1. I want to confirm something. Restricting to the stretch 53-74 and keeping residues that are open to solvent by 10 Å² or more (accessible area, probe 1.4 Å), touching a helix residue (DSSP H, G or I) at 6+ places or on another chain (Cβ under 6 Å) and in contact (Cβ under 8 Å) with a residue 24 or more places away in the chain, which single residue is farthest from ligand 2 (Cβ to nearest atom)?
2. Against the conditions (1) within 30 Å of Val201 (Cβ to Cβ); (2) in contact with a Phe, Trp or Tyr (Cβ under 8 Å, 6 or more places away or on another chain); (3) more than 10 Å from ligand 1 (Cβ to nearest atom), where does Ala155 fall short? Just the number, please.
3. If a residue must be in a helix (DSSP H, G or I), open to solvent by less than 40 Å² (accessible area, probe 1.4 Å) and modelled with pLDDT under 95, how many such residues does the stretch 253-271 contain?
4. Pairs only if they're at least six apart or on different chains, beta carbon under 8 angstrom, first in the stretch 174-185 and under 14 Å from His264 (Cα atoms), second of a type in the set (Asp, Glu) and modelled with pLDDT under 95; list them, first residue then second.
5. Which one is farthest from Leu8 (Cα to Cα) among residues in the stretch 34-66 that are more than 10 Å from ligand 1 (Cβ to nearest atom) and touching an Asp or Glu at 6+ places or on another chain (Cβ under 7 Å)?
6. Just the residues that are closer than 22 Å to Gly28 by Cβ, among the aliphatic types (A, V, I, L, M) and either without any contact (Cβ under 8 Å) to a residue 12 or more places away in the chain or within 14 Å of ligand 1 (Cβ to nearest atom) (or both), please, taken from the stretch 95-152.
7. Please count how many residues of the stretch 97-128 are polar (S, T, N, Q), in a helix (DSSP H, G or I) and out of contact with any helix residue (DSSP H, G or I) (no Cβ under 6 Å at 6 or more places or on another chain).
8. State whether one or more residues within the stretch 157-170 are in a loop (DSSP other than H, G, I, E, B), touching a residue at least 12 places away in the same chain (Cβ under 8 Å) and farther than 30 Å from Phe227 by Cα.
Amino acid sequence: MISIYLRLLRPKAWITFFFPFTVGLGLGITSESNWLHIIFSFIVFSCWMSFSFIVNSIADKDVDRLHDGRSKDMNLAYQPVATGEISDKKALYLGTLFLFLSILFAWLINPLFFILILIVDGVGYIYSMPPFRFKARPVGDIFCNTTAGGVIFIAGLSIGGANMNPLLMIGAFLMASIFYIPTVVTDYEFDSEAGLKTSAVYFSPKKLLMAMYPLTFILIIICLIIFIISNVELKVLALIAIFYSIPSTIVVNKNLVGKRLYIHENWILVPFMILSIVFVGYGALKLFSLLNFS
Ligand code: GPP
Ligand code: MG
């Protein structure tokens, strides 16, 4: 039996946002970066995610009870707010505490990081909570996840301050939308049964997955420009993005059978976790002056 708080906070599901955060962090760090700010930023990240998942568990408790365990980090029917093991009120107190801690530690880092964290905290709230509940609105779900992924990437970059390149930021927003689309399509049956009008339910899984093609195309153009005009560090990154997004877009589109997308969540979670570890290690090497590209 997984502990009640692990089921409430769902740290395994944080990986989708840990990836853009750590890529930004790794690219932004220099040998002059403040290691205390880096540690604080991990605390901020965890508090932001805890807050977002707690409000999500409160707002989703009725639909989560219908979940069968497919394509998710856990069977959502075992959500402690859905099972009643944790009351809404207690969950809300905990959520408020995490929100406060995320803002407090962000304030200790730098003003830009602070503002970006206020934005992602706000997005975490409007994504799940009524009257906004963007997760159940066509385009609203994609908008929130893309904004959260892109903004947390810039927040990561801002800690060290290197590579604050607008093209790179646009690329991050595009990547976030490309990788979010398959996750909302895998939820299609569960969401449509629960009466949630997500983008996949509204546009149909096939049409929504096809939107990955133009997005990938624009991403490739941006990556090529970055490749031509940037330093070795960003050249390598641009190549990774191209060689990762093209097969992903094709494979995901090929795996749609009817309205069902056959993709195990580990196809996203495992590569994201490995790349996150690589980028944290890369940032550490730069911090301790063991590697220098600039
Ligand atoms: C769960 O959403 C996802 C979150 C709570 C993170 C969103 C955070 C943002 C800052 C956008 P979900 O309810 O759609 O998925 P699940 O069914 O896995 O709970
Ligand atoms: Mg949910």
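1. Among residues in the stretch 53-74 that are open to solvent by 10 Å² or more (accessible area, probe 1.4 Å), touching a helix residue (DSSP H, G or I) at 6+ places or on another chain (Cβ under 6 Å) and in contact (Cβ under 8 Å) with a residue 24 or more places away in the chain, the one farthest from ligand 2 (Cβ to nearest atom) is Ser71.
2. (1)
3. 3
4. Close Cβ pairs satisfying both conditions: Val184/Asp191.
5. Going through the qualifying residues, I end up with Leu66.
6. Selection gives Leu104, Ile115, Leu116, Ile117, Leu118, Ile119, Val120, Val123, Ala148, Val151, Ile152.
7. So the answer is 0.
8. Looking through the stretch 157-170, none of the residues is in a loop (DSSP other than H, G, I, E, B), touching a residue at least 12 places away in the same chain (Cβ under 8 Å) and farther than 30 Å from Phe227 by Cα.
The values are calculated or read from the model by the stated rules, or taken from the named source; none is laboratory data. On a predicted model such as this, the values are computed, not experimentally measured, just so you know. All Cβ positions, glycine included, derive from the backbone under ideal geometry; neighbour counts span all protein chains shown. When the accessible area is computed, the model is the full protein with side chains, heavy atoms only, and any ligands, DNA or RNA have been set aside. Shrake-Rupley method; radii C 1.70, N 1.55, O 1.52, S 1.80 Å.
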